[in-house]
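**Student:** Have a look at this one.
Every number in this text was worked out from the coordinates using simple rules, so none of it is lab data. Everything quoted here is computed from the prediction, not taken from an experiment. Glycine also receives a Cβ, built like all others from the backbone with ideal geometry; neighbour counts cover every protein chain displayed.
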Amino acid sequence: MKHVMLIAGAALAALVLAGAGAWHHHNHPDLDAPAPAAMDVLDKQGKVLGQHVLPSAQEIAGLSNAESVMLGRRLLNETARLLPDNVGNGLNCNSCHMAQGRFALRNHYINTGGNYPRYMPRPGKPIDLAERINGCFVRSMNGHKLAVDSAEMKGMLDYMHWLGQGMPQGSKVAGRTEGEIDQTLQPDPLRGEAIYAAQCASCHGNDGEGMKDQFNEYLFPPLWGDDSFNIGAGMARLYKAAAFVKYNMPLAVNQEPPFGQGELSDQEAVDVAYYFTQKPRPDFAGKANDWPRDKKPKDARY
Ligand code: HEC
Ligand code: HEC
């Protein structure tokens, strides 16, 4: 605990030194900051079992499967460049699972290794983790499945298991994968368009096309169009997109004033999420097979 406090103290001092004096609640750690050193570990009833210390990247070199974990970590960062046959758009896994899945509210992977195999309503059957990863390849990445026995798949699996290493079976870290959003809110498309122009277009482009560097690689990922996620992706769903946007966007060094604009309200997040999720994007060929037994979520695109 003392260790944790020290780290929190150092982060606070760094913020104060950087002149960010006006913040009140700090939901948004800087992506370059170390991930939180320890998180509460809960059992199935929500009782705190202890703390999970997130392993640091420096420890990878000492692992018996170091090369595989390193490969997996790199693939999550540079997915489009390293796996062109499997990625059909301009995204990396990190575009949505930010900072290699180490932060609460940013689709973290800390519990992921222990989450599978399990029943999923979308396919209507139990799936293992490799299949779940391939779900993101064919939907979020609008691409093709990775061979489950490939070194690349093994690397991603090994990386995810390593993040949650040592946690008791059936336990989870308390940090949520996505933030809460009021799902009764109805979107206002015009307000969404105005928020997009004011707070998103500078990075994601006036037409959602993102922004590329001189090597033709994306600096800022696209939000709609051919190079975006397809309609079968979780991010194509209104409230999932709104939850991501509310706690993570607009990306800034520090989302709190004076550098950042502060976080969007639930209503603003729903408005802007409606605006970009409804824009044209690739179709998903397998959509007819989704939710064969369970009720389709109300914000599914099909
Ligand atoms: C466009 C955004 C986006 C991209 C890109 C993306 N994902 Fe996801 N992923 C999600 C969302 C949102 C979820 C949450 C599940 C849901 O409800 O659909 C998710 C869920 C997952 C899960 C399940 C986690 C768990 O603990 O149950 C895994 C594993 C995963 N993604 C891996 C990947 C990998 C690997 C890549 C890159 C090949 C990737 N994702 C690319 C948005 C994305
Ligand atoms: C300062 C630049 C910047 C601004 C402004 C910004 N974003 Fe982003 N956005 C990013 C970056 C960079 C990523 C990828 C995250 C990563 O790689 O860590 C991203 C990722 C995303 C993603 C998931 C990946 C994808 O392309 O689908 C969504 C959705 C998103 N942003 C929506 C928004 C919305 C909505 C706004 C306005 C409210 C916004 N962003 C403002 C830079 C920005």
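**Student:** Using only the Cα atoms, work out Rg/Rh for the stretch 39-173, with Rh taken as the Kirkwood radius, to two decimals. Please report the intermediate quantities before stating the final value.
**Tutor:** On the way: Rg = 14.9 Å, Rh = 15.4 Å.
Ratio of gyration radius to Kirkwood radius for the stretch 39-173: 0.96.
**Student:** Got a sec to turn the phi values of the stretch 95-109 into Karplus ³J(HN,Hα) couplings, 6.51 cos²θ - 1.76 cosθ + 1.60 with θ = phi - 60°, whole Hz, x for Gly and Pro?
**Tutor:** Karplus-based 3J(HN,Hα) across the stretch 95-109 equals 4, 10, 9, 5, 6, 6, x, 10, 10, 4, 6, 10, 6, 6, 10 Hz.
**Student:** If Lys and Arg each add +1 and Asp and Glu each add -1, what is the summed charge of the other residues whose beta carbon sits under 14 Å from the beta carbon of residue 200?
**Tutor:** Charge balance near residue 200 sits at -3.
**Student:** Right, another one. Quick one: Cα centre-to-centre distance for the stretch 174-207 and the stretch 54-100, in angstrom?
**Tutor:** Answer, in whole Å: 27.
**Student:** Provide 64, 56, 95 in ascending order of the number of other Cβ atoms located within 10 Å of each residue's Cβ, fewest first.
**Tutor:** Ranked by crowding around the Cβ, least crowded first: 64, 56, 95.
**Student:** Rounded, prolate or oblate: which one fits the stretch 189-289, using the alpha carbon gyration tensor with axes a ≥ b ≥ c (rounded when a/c is under 1.5, else prolate when a/b beats b/c, else oblate)?
**Tutor:** oblate
**Student:** What does the net charge come to around residue 148 if you take all other residues with beta carbon closer than 14 Å to its beta carbon, with K and R at +1 and D and E at -1?
**Tutor:** Taking every Cβ under 14 Å from that of residue 148, the sum is -2.
**Student:** Which order do 229, 276 fall in if you start with the one that has the fewest other Cβ atoms within 10 Å?
**Tutor:** Ranked by crowding around the Cβ, least crowded first: 276, 229.
**Student:** Give me the one-decimal nm value for the distance between modelled label points at residue 293 and residue 186, 7 Å along each residue's Cα-to-Cβ direction.
**Tutor:** It is 3.5 nm.
**Student:** Counting other Cβ atoms within 10 Å of each Cβ, which GluC sites (Glu not before Pro) in the stretch 134-220 have at most 13 and sit in a DSSP loop? Walk me through the numbers on the way to the answer.
**Tutor:** Values: sites: 152, 178, 180, 193, 209, 217; in loops: 178, 180, 209, 217.
Here the sparse-neighbourhood loop sites are 180, 217.
**Student:** Long-range amide H contacts for residue 51: which residues qualify at under 5 Å (H placed 1.01 Å from N, peptide plane, sequence gap of 5 or more or a different chain)?
**Tutor:** Here the answer is 41, since their amide H atoms fall under 5 Å of that of residue 51.
**Student:** With +1 on each Lys and Arg Cβ and -1 on each Asp and Glu Cβ, how big is the dipole of the stretch 39-173 about its Cα centre, in debye rounded to the nearest 20?
**Tutor:** 480
**Student:** What distance in nm lies between label points placed 7 Å from Cα along the C-beta direction at residue 49 and residue 174?
**Tutor:** Simple spin-label model gives 1.6 nm for this pair.
**Student:** On to the next question. Which order do 207, 188, 158 fall in if you start with the one that has the fewest other Cβ atoms within 10 Å? All intermediate terms of the calculation are to be shown ahead of the outcome.
**Tutor:** On the way: 207 12, 188 17, 158 21.
So the residues, fewest neighbours to most, are 207, 188, 158.
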